[in-house]
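Here is the structure we will look at.
The values are calculated or read from the model by the stated rules, or taken from the named source; none is laboratory data. Given the structure is predicted, the values throughout are model-derived calculations rather than measurements. Cβ placement follows ideal geometry from the backbone for every residue including glycine, while neighbour counts extend to all protein chains displayed.
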Amino acid sequence: MSSPSYSSSSSSEEKNASMFRVFATGCNEWWQQQEDSGSSIRHETRREHLNRDRAAAHEALRNDYFNTPCVYTALEFKTRFRMSRELFLRILHDIEREVPWFTQRVDARGRVGFSTLQKCTAAIRYMAYGTASDMFGEYLKMSGRHIRSCVYKFSKAIVLLYRSRYLRKPMASEVEQLQAKHAEKHGFVGMLGNIDCTHWDWKNCPTAWHGQFARGDHPYPSIILEATGPDSSFELRGTLYKRGYYLADGIYPDYLTIVKSLSQPIGVKRQTYKNAHDAARKDIERAFGVLKSKWHIVDRPSKCFYQVKMRNIMYACVILHNMILEDNGLAICQHNPNEDAPMYEEINEDKKRRNRQEIRSREIHDALTADLIEYIHVRSSNR
């Protein structure tokens, strides 16, 4: 004779099995009814395939801008591509030769992929206009996702191919040209640029370095702290200063490499100095506005979530901007390919510590500011 607990368990299992059979029978009957009626219960989750004519888009692009004769003029090409046709083709050939992703290939289904011309055009136009990624899909026959891939691959290729020339430390001759340009235009002898725009490169108007800042609370480039930069010494009113300086506003400390404006100038000399200081800083900061007006992707919220991609896009815009300046003959510093990069010996921590103490010298900072006030006042009076 079975125990009461065992009988209760057996009865519960039989009840559950009976309910499952009823549920399964109902599902089978409903499924059979759906099949008999011809209705489909399957929901498509894949997007519908679009038959884009890539070859026709490539030919239309060539007829519009690259064939002889073409539809649009060289001026219209420069307006839409932000550069001359010759410079664009040179970049295109370099990328096609060095980056296999940009070469035209045939996929597993036997379809011919996008050409190098289409991929580079999609990247340039997207970076120039900064609009939605599918804006040029009707013209280039590309999806928004593929255009974004072109932008990321193109920016990475630009950085890899041209950073050795356009994102490098400046040569001694280039620093000398830059300081002479600032002294002639603004009156600040030995000036390297604006500390708020130190991400600019040696060809860009008109700063010296794009270099990273030293870690910690040191608002000056690490190449100055570690003495790995080229010689930027200069002479002003009979005094030799070992390092060039950057212009800054009042939030920065009184360091040798930072020359600040005056918050409350008293007298004609100080007022003249303040006006010249503000004008020079504004002229340099305007350069970033030029970059944003040329490459609208810099001025728009970023659509990618990875810092590496955002950094490559920013570097690519700076490199392309510098290449355009060089192509137009507007570069401030003329590059000498025969000049060897200066060699610097590594310094120890003790030398770095002495450099920090020298840079933080309040006496030298005040002497430099006083000499600049006198020099700019005399320069203004002689004009």
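Does any residue in segment 349-370 that is surrounded by 15 or more Cβ atoms within 10 Å (Cβ to Cβ) come within less than 6 Å, Cβ to Cβ, of a residue that is charged (D, E, K, R) six or more places away or on a different chain, and which pairs are these?
Cβ pairs passing all conditions: 365/254.
Here are some conditions: (1) farther than 24 Å from residue 321 by Cα; (2) of a type outside the set (A, V, I, L, M); (3) modelled with pLDDT under 85. Residue 196 meets all but one. Which one does it not meet?
(1)
Just the residues that are more than 21 Å from residue 82 (Cα to Cα), of a type in the set (Val, Ile, Thr) and touching a Ser or Thr at 6+ places or on another chain (Cβ under 8 Å), please, taken from segment 103-162.
Answer for segment 103-162, where residues must be more than 21 Å from residue 82 (Cα to Cα), of a type in the set (Val, Ile, Thr) and touching a Ser or Thr at 6+ places or on another chain (Cβ under 8 Å): just 103.
Among 287, 280, which is the only one that is at pLDDT below 85 and either in a helix (DSSP H, G or I) or within 30 Å of residue 377 (Cα to Cα) (or both)?
Numbers: 280 fails: at pLDDT below 85.
Matching residue, one of 287, 280: 287.
Identify the single condition in (1) farther than 27 Å from residue 308 by Cα; (2) in contact with a helix residue (DSSP H, G or I) (Cβ under 9 Å, 6 or more places away or on another chain); (3) in a helix (DSSP H, G or I) that residue 122 does not satisfy, given that it satisfies every other one.
Failing condition for residue 122: (1).
So which strands (runs of 3 or more DSSP E) are wholly in segment 237-276 and hold at least 2 residues that are of a type in the set (A, V, I, L, M, F, W, C)? Spell out how you get there, then give the answer.
Values: elements: 239-241, 245-248, 258-260.
Answer list for segment 237-276: 245-248, 258-260.
Within segment 4-26, is there a residue that is among the acidic types (Asp, Glu), modelled with pLDDT under 85 and out of contact with any strand residue (DSSP E or B) (no Cβ under 8 Å at 6 or more places or on another chain)? Explain how you work it out, then say what you get.
Step one: filter segment 4-26 for residues among the acidic types (Asp, Glu), giving 13-14.
Subset that is modelled with pLDDT under 85: 13-14.
Those left that are additionally out of contact with any strand residue (DSSP E or B) (no Cβ under 8 Å at 6 or more places or on another chain): 13-14.
Yes - at least one qualifying residue is present in segment 4-26.
Which members of segment 278-329 meet the condition of being crowded, with 20+ Cβ neighbours inside 10 Å, more than 13 Å from the chain's Cα centre (by Cα) and farther than 20 Å from residue 84 by Cα?
280, 281, 284
Could you grab me the full set of residues in segment 37-64 that are modelled with pLDDT of 65 or more and in a helix (DSSP H, G or I)?
Those that are modelled with pLDDT of 65 or more and in a helix (DSSP H, G or I): 54, 55, 56, 57, 58, 59, 60, 61, 62, 63, 64.
Among the residues in segment 262-272, are any crowded, with 17+ Cβ neighbours inside 10 Å, of a type outside the set (Asp, Glu) and closer than 27 Å to residue 356 by Cα?
Within segment 262-272 (the criterion being crowded, with 17+ Cβ neighbours inside 10 Å, of a type outside the set (Asp, Glu) and closer than 27 Å to residue 356 by Cα), the answer is no, since none of the residues qualifies.
Just to be sure before I move on: is residue 133 assigned to a loop (DSSP other than H, G, I, E, B), surrounded by 18 or more Cβ atoms within 10 Å (Cβ to Cβ) and out of contact with any strand residue (DSSP E or B) (no Cβ under 9 Å at 6 or more places or on another chain) in the structure I sent? Walk me through it before giving the result.
Numbers: assigned to a loop (DSSP other than H, G, I, E, B): yes; surrounded by 18 or more Cβ atoms within 10 Å (Cβ to Cβ): yes; out of contact with any strand residue (DSSP E or B) (no Cβ under 9 Å at 6 or more places or on another chain): yes.
Yes.
Could you please tell me which pairs satisfy a Cβ distance under 6 Å, a separation of 6+ or placement on different chains, a first residue in segment 142-168 that is assigned by TED's automatic domain parsing to the domain that holds residue 94, and a second residue that is among the aromatic types (Phe, Trp, Tyr) and assigned to a helix (DSSP H, G or I)?
Within 6 Å, the pairs are 147/126; 151/126; 153/101; 159/315.
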